[in-house]
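Peer 1: The structure under discussion is supplied below as structure tokens; questions concerning it will follow.
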Amino acid sequence: MPSVTPLTQPLTPLTLPLLGLQLIEASAGTGKTWTLAALYVRLVLGHTATSNQPGVALYPPQILVMTFTDAATAELRERIRARLAQAAKFFQKGAAAPHDDFLRDLRAGLDPASWSECAARLDVAAQWMDEAAIFTIHGWSSRMLKTHAFDSASLFTQTRVEDSEQLKLSAVQDYWRQWFYALDADTLAALDGLADTPQALLAKLKDRWRMAERAPAPAPAALPPPDVVLLEWSRWQQQRQTLEAPARAA
């Protein structure tokens with residue numbers, strides 16, 4: 001039988017392909033930032049595992065790095081800057097400069113005649129890190145909307161919402177005012193199992209939203225609007241009362 005290449009394999013920062021889509025799975029504390037900085041060094045050098053010559057160089061404004069928090073972006077910027085500076089010194093001075101196995105193997109795999117050029121590239125990239133394209137997801141999205149405001153038909157100046165909790169509560173309160181305030185006592189009593197306050201309704205919706213984020217599912221079939229449901233429920237109540245009255249009299 002022909003051999004089958006496994007879909008998953010151990011990560012080797014020095015040989016990981018830098019083209020195409022690569023998914024890296026890692027737990028906390030396993031060196032994700034270190035690996036990211038190592039891959040960044042390779043991108044700056046245009047390094048491939050099949051050539052001993054540096055390829056087309058990418059510089060910080062051309063390499064997009066996205067993370068989740070502003071604090072993480074600041075840490076990444078400094079960690080990558082330090083890694084680039086360390087690599088530049090090692091390519092220039094050799095073993096006299098601080099290095100690790102990754103940098104040693106990276107330099108050994110390149111033609112010694114190109115080491116001076118590599119050091120220059122890395123040094124320029126380290127000095128250019130103030131303009132590195134390192135953003136949070138929402139920060140990058142905001143930047144793209146501003147940059148392409150005409151194409152996206154969006155405003156040049158936008159307000160970024162960091163905490164959506166108040167917006168969610170306001171939306172639920174608006175919904176409550178629209179559909180619950182006008183209900184009679186009997187209908188409200190029937191909805192006790194759903195929620196008795198906007199805050200209680202929001203709490204139930206949060207659980208649903210959280211589950212939808214963890215396990216996305218196809219959109220459900222369109223449901224009738226609340227006013228139609230309430231009208232049908234009211235008709236059913238009238239029928240029930242009409243049938244119930246003789247039974248109570250008996």
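The values are calculated or read from the model by the stated rules, or taken from the named source; none is laboratory data. The model shown is predicted, which means the values in this text are computed figures rather than measured ones. A quick note on method: Cβ atoms are made from the backbone with ideal geometry, for glycine too, and the neighbour counts reach across all protein chains shown. We work out accessible area using only protein heavy atoms, side chains counted, and drop any ligands, DNA or RNA first. Shrake-Rupley method; radii C 1.70, N 1.55, O 1.52, S 1.80 Å.
Peer 1: Once you mark the chymotrypsin sites (Phe, Trp or Tyr not before Pro) that are in a DSSP loop and have at most 16 other Cβ atoms within 10 Å, what is the longest gap between them in the chain?
Peer 2: Within the chain, the longest run free of exposed chymotrypsin sites (Phe, Trp or Tyr not before Pro) spans 182-250.
Peer 1: Taking Cα atoms of the chain, Rg/Rh with Kirkwood Rh, to two decimals?
Peer 2: Checking Rg against Rh, the ratio lands at 1.24.
Peer 1: Cα-based Rg of the stretch 198-250 per 2.2 N^0.38 Å, rounded to two decimals?
Peer 2: Expressed relative to 2.2 N^0.38 Å, the Cα Rg reads 1.86.
Peer 1: Mind listing P(r) for the stretch 39-97? All alpha-carbon pairs, 10 Å bins, whole percents.
Peer 2: Taking every Cα pair in the stretch 39-97, the percentages come to 20, 45, 28, 7.
Peer 1: Taking all protein chains as present, what is the carbon and sulfur share of the accessible area of the chain, in % to the nearest whole number, probe 1.4 Å?
Peer 2: On the chain, the fraction of accessible area on carbon and sulfur atoms equals 59 percent.
Peer 1: Continuing with the same structure: Could you compute how fast the stretch 97-245 diffuses translationally, taking Rh as the Kirkwood radius over C-alpha pairs and applying Stokes-Einstein at 37 °C with viscosity 0.692 mPa s? Give it in µm² per second.
Peer 2: 146 µm²/s
Peer 1: With runs of 4+ DSSP H residues as the only contributors, calculate the mean residue ellipticity of the chain at 222 nm using -39,500 (n - 2.57) per run, divided by the residue total and rounded to the nearest 500.
Peer 2: -17500 deg cm²/dmol
Peer 1: With labels modelled as points extended 7 Å from the Cα through the Cβ direction, what inter-label distance (nm, one decimal) is found for residue 200 paired with residue 170?
Peer 2: 2.6 nm
Peer 1: In addition: Could you do me a favour and compute the accessible area per residue for the stretch 1-124, 1.4 Å probe, result in Å²?
Peer 2: About 62 Å² of surface per residue is accessible.
Peer 1: Using a 1.4 angstrom probe on the protein heavy atoms only, line up 117, 131, 213, 244 by accessible area, largest first.
Peer 2: 213, 131, 117, 244
Peer 1: Still on this structure: Run a plain Debye calculation on the stretch 1-125 (Cα atoms as equal point scatterers, no solvent) and give log10 I(q)/I(0) at q = 0.13, 0.16, 0.20 Å⁻¹, rounded to two decimals, same order as the q list.
Peer 2: -0.55, -0.82, -1.22
Peer 1: Need the C-alpha centroid separation for the stretch 207-227 versus the stretch 10-36, integer Å.
Peer 2: Value for the Cα centre distance between the two parts: 34 Å.
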